[in-house]
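Structure first, then comments.
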Amino acid sequence: MNPNIQFPLPENNQLEFHASCSEGLDEFLVEEISKYSLKIIAKNRGGVHFSGPTSEILKFILRTRFSSRVAVTLFRTRVNSADDLYTRSLQFPWETIIEPEDSFRIDAMTKDILGNSRYAMYRLKDSIRDRLRKKEDREGEIEKNHPDVNIVLRSFQETAIVQLNLSSLPLHKRGYRTEISEAPLREVLAQALLAFADWKEDELLLDPMCGSGTILIEAALRLKYKNQINVPLLTESPVFLRLFSSESLRDEPGPSPANKTIFGFDTNEKAIRSARINARKAGVENFISFEQSDFRFLHKKQNFQNIKIITNPPYGERIGEKSEIKDLYTEIGKVLKDNYGGSSFHLICGDKSLLGYFRLKADKEKSVTISNLKGKFVSYSIK
Ligand SMILES: C[S@@+](CC[C@H](N)C(=O)[O-])C[C@H]1O[C@@H](n2cnc3c(N)ncnc32)[C@H](O)[C@@H]1O
């Protein structure tokens, strides 16, 4: 069982944390956690349990690009039924977690012994409210949409795990995507593609088919927040602010750059308009230049040298017809060879069968899941 939690956490906290990620990103998450001085306790599909010094945990949480959620384990207990969970939870000092002004919500993702998630969630809720009533003559208000405190109940075999989410909103929901063009890429996949392409903040970046701008906005957030991309969301979370002293958050966002180094183009005027609005919402409009252009003719307007081209081209499943798309891929391959020598080209593609039409030799490839489609990340050096 985890020792009781202290606010703020002491440097040598003994707690267990859990980061969860979307399907297909487990490898990215494990590799990301391994870059910090953290101890991986267990890995399972969709998540990693880890522990470490508070300062290192904070560094990870502020920067994680692949976690959907990070939670701290409050307690772990063996149960035979949801009623057992009720009894065990009644002993937990919920009054230290849920303050008088806090609302709360419980999300239950249970299996095996607590197979009826709804019932298990209700029993946990009853015990929290009974505890608060007994200790402080209050109940705690339930709030389904934007609770101050979000408790997570998990179970497997005969073990129940009760966790406290550091933010009730998923970390990748950065709130800027109000304008959606056709087939937008999920934010975490954009971050995974930037990582796959090994894009560094001092490199020029071009998305010639940028749609609503997700890849470029995710890159610009890394520049603006000096990689601490979760700062805007986490500093709105009461639980996060109680756990980590505000001292550690004094790092200000970087200034706007003198020259823009991130460039987005798209043939679709509406997509460019959406991208501009989204970038403004994300506060990164000064980092990115968006303009309407067809990639096949872009080199005639602007001469990009030694640039990382990172993109999510149409692949015919959701936009455009297959035969036109094949021609587009052939033309893109030719335009790259003729005009972008010395640069590199990295993409996420939902249809592997199209890749051959580029007539380029891949440096590396990785399978990924995009919505329900099995796709690929691929990198090419342009000779
Ligand atoms: C899959 S979408 C990109 C979505 C984007 N990653 C996002 O998150 O919104 C592909 C984009 O390629 C654009 N496109 C198609 N052909 C193009 C071309 N020849 N030149 C530039 N853009 C093109 C489409 O207008 C579309 O916005």
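Structural remarks
- Count - residues of the stretch 313-337 that are among the polar types (S, T, N, Q) and modelled with pLDDT under 95: 1
- Qualifying residue in the stretch 276-285 (condition: assigned by TED's automatic domain parsing to the domain that holds M209, over 28 Å from the mean Cα position of the chain (by Cα) and within 11 Å of the ligand (Cβ to nearest atom)): no
- Selected residue [under 14 Å from the mean Cα position of the chain (by Cα) and in contact (Cβ under 8 Å) with a residue 24 or more places away in the chain] from L9, L58, L29: L29
- Residue count for the stretch 1-24, restricted to those that are among the hydrophobic types (A, V, I, L, M, F, W, C) and in contact with a Gly (Cβ under 9 Å, 6 or more places away or on another chain): 3
- Scanning the stretch 201-243 for residues that are more than 30 Å from L74 (Cβ to Cβ) and not in a loop (DSSP other than H, G, I, E, B) yields a total of 14.
- Strands (runs of 3 or more DSSP E) lying entirely in the stretch 1-75 (those with 1 or more residues that are small (G, A, S), surrounded by fewer than 16 Cβ atoms within 10 Å (Cβ to Cβ) and at negative phi): 39-44
- Members of the stretch 284-303 that are part of a loop (DSSP other than H, G, I, E, B) and either among the aliphatic types (A, V, I, L, M) or at pLDDT 95 or above (or both): V284, E285, N286, F287, S293, D294
- Scanning the stretch 335-367 for residues being more than 14 Å from the ligand (Cβ to nearest atom), under 26 Å from V188 (Cβ atoms) and in a helix (DSSP H, G or I) gives a total of 3.
- Within the stretch 355-371, being under 14 Å from Y315 (Cα atoms) and at pLDDT below 95 holds for I370, S371.
- Picking from residues in the stretch 294-334 that are polar (S, T, N, Q) and buried (at least 19 other Cβ atoms within 10 Å of the Cβ), the one that is nearest to the ligand (Cβ to nearest atom) is N312.
- Within the stretch 169-181, the set of residues being more than 8 Å from the ligand (Cβ to nearest atom) and closer than 14 Å to I272 by Cα comprises R177, T178, E179.
- Among the criteria (1) surrounded by 20 or more Cβ atoms within 10 Å (Cβ to Cβ); (2) touching a Ser or Thr at 6+ places or on another chain (Cβ under 6 Å), the one N165 does not fulfil is (2).
- Residue within the stretch 182-200 that is more than 16 Å from the ligand (Cβ to nearest atom) and assigned to a loop (DSSP other than H, G, I, E, B) present: yes
The values are calculated or read from the model by the stated rules, or taken from the named source; none is laboratory data. Predicted model, so just to flag it, every value in this text is computed and none were measured. Heads up, the Cβs are rebuilt from the backbone with ideal geometry, glycines too, and the neighbour counts pull from every protein chain shown.
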